[in-house]
Amino acid sequence: MAGVDILATAMNGGNAAFIANLYARWVSAPDSVDPDFAALFASLGDEAKSVLSDAVGASWAPRPNDFTTVPTTAETGSAPVSRQATIDSIRALMFIRAYRVRGHLEADLDPLGLKRPGHHPELDPASYGFTEADMDRPIFIDMVLGRETATMREIIGILRESYCGKIAVEFMHIQDPEQKSWIQRRIEGAPWRNALSPEGKRKVLQHLTEAEGFETFCQRRYVGTKRFGLEGAESTIPALHRIIETAARDGVSEIAIGMPHRGRLNTLVNIVKKPFTALFSEFGGESFKPDAVQGSGDVKYHLGTSTDVSIDGQQVHLSLQPNPSHLEAVDPVVVGKVRARQDMAGDTSGRRSVMGVLMHGDAAFAGQGLVYETLAMSQLIGYRTGGTIHIVVNNQIGFTTVPAHAYSGLYCTDVAKSVQSPILHVNGDDPEAVVFVAQLATEFRQQFAVDVVIDLVCYRRHGHNETDEPAFTQPLMYQAIRARKTTRTLYAERLAAEGSVSTAESDKMHQDFVATLEDAYKAASGYKPNKADWLEGHWAGLNSSRDEDGETEEPTAISLENLRAIGHALATPPENFDLNPKIIRQLEAKREAIETGAGIDWATGEALGFGSLLLEGHRVRLSGEDCQRGTFSQRHAVLVDQSNQHEYVPLNNIRDDQAKIEIFNSLLSEAGVLGFEYGYSVADPRTLVLWEGQFGDFANGAQVIIDQFIAAGESKWLRMSGLTMLLPHGYEGQGPEHSSARPERFLQLCAENNMAVCNITTPANYFHALRRQLKRNFRKPLIIMTPKSLLRHKLAVSTLDEMSNGSAFRTVIAEIDAIGSAEQVRRVVICSGKVYYDLLAERRDRGIADVAIVRLEQFYPFPKKALKAAIEMYGNAEIVWCQEEPENMGGWHFVDRRIEHVLECLGDGMKAKRPVYVGRTSAASPATGLAKTHAAEQAALVKQALGV
């Protein structure tokens, strides 16, 4: 056995010198010590032996006389202690530690009684040499259980109550001694048995009554309707109440909740206080939003809401984040929202004022990778939120899958050990234990700012939904469930038996609540929502935009004076800052570009866009894999001193009264980090929030976040987002995984003016696109196919004048210089992104004067008017769409009919009626991995597009 902590404890008592020196003697001459001690030392693990060796070599260095010294007790200071007493003490301490480590294995956690606690030999006193004859002999344990001495019988009783009852704790994996000690002090002695006053018990019963009463009422009134009820896990509601009450007492002013569909309706009405009439109206088929508000809506058990509650005079804002049935996808969204609210409140050090609560199913917590991605962010500087409370509503089944098929570990919560979270298992049919654990978890979070996991072991009274038959696959489990009284019934009987709440009072409590539901049910038929809450609070002053046209561009230019001020800050490192010589050359080039007003490259244009928003009071947050430097070593937004690795952010040093930019290199996660940034953007519409993929197609790993939240969140849940995604895109022969950001996937999701998708060719247009995100009176996600080779392309540069003088974002860029008379132009090539420069170079090299090139900078909202204006002068020309991507990818299938529609609008003025496709042939893979093949394909499509 390891015995590390136990030996350390033992050696703080009067036995220290004796044990250390006896061990030293045993090491050098094993036969020279008492056989009992020799056997004890031999049984110790390597860690325990290391502790003793360290002790011997440090403050307890052996002295010859100590080998025969008999220790004295702390009580008498002189009375001799027998070797047996010393052995008893050490073994008892090791026994206690074993319960702290393994006591959970014998806990009574399953309300159904199907999982009988096993027997572990390390929890058997016989394994430590104790027999029945030893049970009542006092043993010195040095206040470990709050006692100077105790008999083994007393020790076993305390340990069984503390670690093997209705609560089981996993915490010995935690490396922080203070955290472990904190849990020990609050668990040992089973204080939950007497934690609640009669009034507290009555409150728990009331919460259970509301939880069970709501589900029973819905089951009776809406027979056959899916609602994914909470039956069998009703203790979740008093647990949430206790978490909120405890957090409010400790100064938390806002709590953001994320959860799956099971139990959501109960949480909505009983925790976040959605009116029963509103919910019953939705059961009747009515919309959750006013008729005047557009959007497709969603099913009841995906919706969220928010409210303000007062708890003992403390105002707390509660919000339940809407989310789809894609389990655990909401986790990073909630923690991102919490981070944003903390930043907005200025709580950037302690991060205790806003708290996240995430609820999970047991199968999903073990099976979904986003759980780990979210946990992995919990202590990172750019993503920490002061700790999240996780409640695993452990139904002991996932749809029809039992735990033996659902996860490989001992518990569904094992993944939380990866970040040293304490895990509190609790029997869901003991409501008092549940609320104790809920309070303990909240206090631990407030104390240590780390994630805490509550494993609420319960069951699912119905099938996966209310019309499902679970006995098909789990007959024994559902036989036990049918025979079991509800949690509320069992608790009411318990309170009646102990005299806390009479049966009559309990029955009246139930009757009163049912009457409330009946009144709401009657009122629901005439209920009409009179407002939508999505443009209140931090969103006040912003509007919705469903304009499919989307061609009205707000001015986004700034003064040359401000541009030069930003540029000066970019090019000026602090004094005595040891810069890498290559960076010095880059800064000199930036300074020259700013002074001349020409040659502004992509990274400088981006920095000018960021800096301009900072000067206007808008914060900027950029995160992603290696985004401080930039994947292509282009950004260098954070300078690093080569001597001491100190960091300097030029954009935060433009002037004293500016806002600040935060740039974080993220963990190697796409779904988790993108979800986090989406949540941040939903919470804070005044900050420019950006996520950058290391390469554009890395967004593949975050497709659920893109599909369910970014593309559809506003339509489904009336939740706008101004998140910007930067996705490096372009065919430079780097193979299938480093070429395409899969623009076709985003374009397929475009409708109802839900987002903007751009493939921009100039730094100035990028500058305006970034500023446009916060200059409009609404928010939409912006997806940008950012360049790779164009980052240093000599022609892909802009001027400061293009960023000032009343300029704005251009959705279409037509030819500026005449290629020849419009009547002589035989072909107009419409393209987007990097291929433009390939076409331009080939046209110049060949001296072609009868082919015009038009750049589509924004795919969606599709700029019909701007494109019409760009091509209508070329009435005799053939219209070609040219792209680098294969025909079944890229923009072709999106723009084909839209360009055709523009040509139809031009009528007889245009000879062409349909665009012609030029690009790579259809392919299963985005690009070839062979450099020669790539070059040949690229040359061929450019020549074909120009008609040579």
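Tabulated values for the structure
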item	result
Added length on full extension, which subtracts the Cα-Cα distance from 0.36 nm per residue, Asp414 to Ala841	147.9 nm
Check: region 812-946 dipole with +1 on Lys, Arg Cβ and -1 on Asp, Glu Cβ, in debye	100 debye
Cα long-axis angle, helix 83-102 against the chain (0 to 90 degrees, to the nearest 10)	30 degrees
Rg over Rh, two decimals, region 560-803 (C-alpha only, Kirkwood Rh)	0.95
Extension gain, Ala931 back to Thr596 (0.36 nm per residue minus Cα-Cα distance, nm)	116.8 nm
Anisotropy class of region 433-561 from Cα gyration tensor, a/c 1.5 cut	prolate
Cα-centred dipole magnitude for region 228-485, charges only on beta-carbon of K, R (+1) and D, E (-1), debye, nearest 20	140 debye
Normalised contact order of region 214-335, rounded percent, pairs of Cα under 8 Å and 6 or more residues apart	32 percent
Whole-Hz couplings from phi, Karplus 6.51/-1.76/1.60, listed for region 257-268; x for Gly and Pro	10, x, 7, x, 6, 5, x, 5, 4, 5, 5, 4
In degrees, nearest ten, helix 835-846 long axis to first principal axis of the chain (Cα)	30 degrees
Leading residue at positive end of dipole, the chain (Cβ point charges), from Thr811, Ala504, Leu44	Thr811
Positive-end residue, the chain charge dipole about Cα centroid, Cβ charges, pick of Ala107, Pro431, Gly224	Gly224
Cα lying deepest toward the dipole's positive end in the chain, options Ala912, Val316, Ala523, charges on Cβ	Ala912
Spacing of the two label points (7 Å from each Cα toward its C-beta) at Asp308 and Glu737, in nm	5.1 nm
Point-to-point label distance, Lys226-Glu469, nm (Cα→Cβ direction, 7 Å offset)	1.9 nm
Antiparallel bridges, percent of DSSP beta bridges restricted to the chain (to nearest 5)	25 percent
In degrees, nearest ten, helix 581-596 long axis to first principal axis of the chain (Cα)	40 degrees
Shape category assigned to region 812-946 from the gyration tensor of Cα positions, a/c cut at 1.5	oblate
Within region 568-623, GluC sites (Glu not before Pro) in DSSP loop having at most 12 other beta-carbon neighbours inside 10 Å	Glu575
Contour minus Cα-Cα distance for Ser559 and Asp657 (0.36 nm per residue)	33.5 nm
Residues of type aspartates and glutamates that Lys590 reaches as a straight line, Cα spacing below 14 Å, ignoring anything fewer than 8 places off in the same chain	Asp601, Glu606
Separation of the Val916 and Asp124 label points, Cα + 7 Å toward Cβ, nm	8.7 nm
For region 228-485: rounded, prolate or oblate by the Cα gyration tensor [a/c cutoff 1.5]	oblate
Computed magnitude of the charge dipole of the chain (debye, nearest 20; Cβ of K, R +1, Cβ of D, E -1)	1360 debye
Relative contact order (%) - region 228-485, alpha-carbon pairs under 8 angstrom, separation at least six	23 percent
Taking the chain and dividing mean pair separation by its residue count, relative contact order in percent (alpha carbons under 8 Å, at least six apart)	10 percent
For Phe664, residues with placed amide H under 5 Å, excluding near neighbours	Leu622, Ser623, Gly624
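Since every read-out is calculated from the coordinates, none of them should be taken as a lab result. Bear in mind that the values here come from a model prediction, so they are computed numbers and not experimental data. Reconstructed Cβ throughout: ideal geometry from the backbone, glycine too, with neighbour counts over all protein chains shown.
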